[in-house]
Structure formats: C-alpha cells, structure tokens
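The values are calculated or read from the model by the stated rules, or taken from the named source; none is laboratory data. The structure displayed is predicted, hence computed values, not measured ones. Every residue, glycine as well, gets a Cβ built from its backbone with ideal geometry; the counts of neighbours run over all protein chains shown.
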Amino acid sequence: MLLIPGGQKADEGEDTDLSGDALKAKLRRKKKSSTDERLITPTASGPSYTVSMSIVRNVTAIAKGMSITFGEIFQPIQTENYPDGKGPMKGAKFQPRFRGAHQLQRDENGLEKCVACYLCAAACPSNCIYIEAADNTSEVRISSSERYAKVYNIDYNRCIFCGYCVEACPTDAITHGHGFELATLNATNLVMHKDQMLVPVEALTAK
C-alpha cells in the first residue's frame, strides 16, 4: 500500500505518478461508482430501498386511478342519446347561444326582413356570404323595404360561425339556428341557398 495526500491508500498496482489533484479526483470517482452500485444492485436479502419505493409509488398510482373509475361507475349517465333520441333534435341538447346553421327571418306580416344592405357580407371575415339585390314592386313585394335579397348564399366550406353577420344586420334578418347536421361528402352541398335558410311562413303561425 502507498499513502497518498488526504490519508487515503492506493494499491501498489495503481499508477502513482499522478499528481495530487488528479489522484484525488480518481478516488472520488471510484467512491461515487461504488455508492451507485449499492443503490442499484439488490442485496442478498431482497431489493434495495429505492426499488421498493418505486414499486410502492406505482401501486399507489394505479389504486388511485382505479378508485376514480369505480367511483364513476355508479354515477348517473351524462351522455346524450343522439341520434336515437326523441324529438326533432334526435335527443341532442343545445345551449341557448349555440351557433348552428343560419336562418333568414320574416316579420310579423310574413315578409322577409332582409333588405339586401350587404352589411353582413361586409362584416364576414371569411367572405362566405354572396348576395344579389332586387327591387320590390307594387305587384310583388318580398320585403318591407325598397329592396330584397334575390340571391342569398352562404358557403359553409368557409364559414367559421363567428356571428359577425348576425351582429351587423340592422333588421335582425339573419340569425343562428340550432341546425348542426351539415356534414357531407360533397363540398357543393355546403353552399346553402336562400330557400334553404328562409323561415317558412307556417313557422310564424305556429308561434
């Protein structure tokens, strides 16, 4: 054995030509590696403390998760019975402010509220509203104003349901309904025309 600075002993087979600082660093590395081996390597009597605690934590996490699962099993079902439910909405429920497919409204006399002012088209950030205006005549009156929307299209391929068109309309002619079944395999079917969005006169009498 050779005595080195710090009171440590080195084996005769080790390189004793190292400087004092280098020899100290080498001994620190050996001490650290031996400590890591004691923590990782199971002892003869069983796994180490670190491995045991890891198993306990895993079992505790599983038990906590399963307790939530078993607790929810006996709670009332919160899902909606769509599309097998009753009523026109097939069991679906909506919040009052739900923004569905647009509707073009009529006034109390059955005339169209839209006066073709183009404010909804101007406010639309996705430029999905297309309108063509026409003049009312004494023989044929469509709206209560001078003009009405001869063509009113909304392209739902581009619509983002932001509601800006509803806010911009001065006559409350366009609103959001609760229609949501808009999915289709053909993109051309997502261009809604005026006759598809206009509220029927029968709906006014039903109220």
- Condition check for residue 107: at pLDDT below 85 and of a type in the set (Asp, Glu): no
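So which of 74, 94 is modelled with pLDDT of 80 or more, aromatic (Phe, Trp, Tyr) and either under 26 Å from residue 133 (Cβ atoms) or loosely packed, with under 12 Cβ neighbours inside 10 Å (or both)? Explain how you work it out, then say what you get.
On the way: 94 fails: either under 26 Å from residue 133 (Cβ atoms) or loosely packed, with under 12 Cβ neighbours inside 10 Å (or both).
From the options 74, 94, the qualifying one is 74.
With the condition kept exactly as written, say whether any residue in segment 29-40 is hydrophobic (A, V, I, L, M, F, W, C) and at pLDDT below 65.
Going through segment 29-40, the residues hydrophobic (A, V, I, L, M, F, W, C) turn out to be 39-40.
Filter again for at pLDDT below 65, leaving 39-40.
The answer is yes, given that some residue of segment 29-40 is hydrophobic (A, V, I, L, M, F, W, C) and at pLDDT below 65.
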- Message: Checking the structure you have, find out if any residue of segment 47-64 is farther than 30 Å from residue 199 by Cβ, of a type in the set (Phe, Trp, Tyr) and either outside the structural domain of residue 193 (by TED's automatic domain parsing) or surrounded by 13 or more Cβ atoms within 10 Å (Cβ to Cβ) (or both).
- Response: yes
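If the requirement is being closer than 30 Å to residue 82 by Cα and touching a residue at least 12 places away in the same chain (Cβ under 8 Å), which of these qualifies: 100, 110?
Numbers: 110 fails: closer than 30 Å to residue 82 by Cα.
Every option except 100 fails the conditions.
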- Query: If we scan segment 165-177, do we find a residue that is modelled with pLDDT under 95, within 30 Å of residue 83 (Cα to Cα) and not in a strand (DSSP E or B)?
  - Reply: yes
- Quick check: anything in segment 69-85 under 26 Å from the mean Cα position of the chain (by Cα), within 23 Å of residue 196 (Cβ to Cβ) and not assigned by TED's automatic domain parsing to the domain that holds residue 179? yes
- Item | Check on residue 110, part of a loop (DSSP other than H, G, I, E, B), over 23 Å from the mean Cα position of the chain (by Cα) and exposed (fewer than 10 other Cβ atoms within 10 Å of the Cβ) | no
- Task: Go through segment 122-158 and give me each residue that's among the acidic types (Asp, Glu) and either exposed (fewer than 14 other Cβ atoms within 10 Å of the Cβ) or under 16 Å from residue 173 (Cα atoms) (or both).
- Result: 132, 135, 139, 146
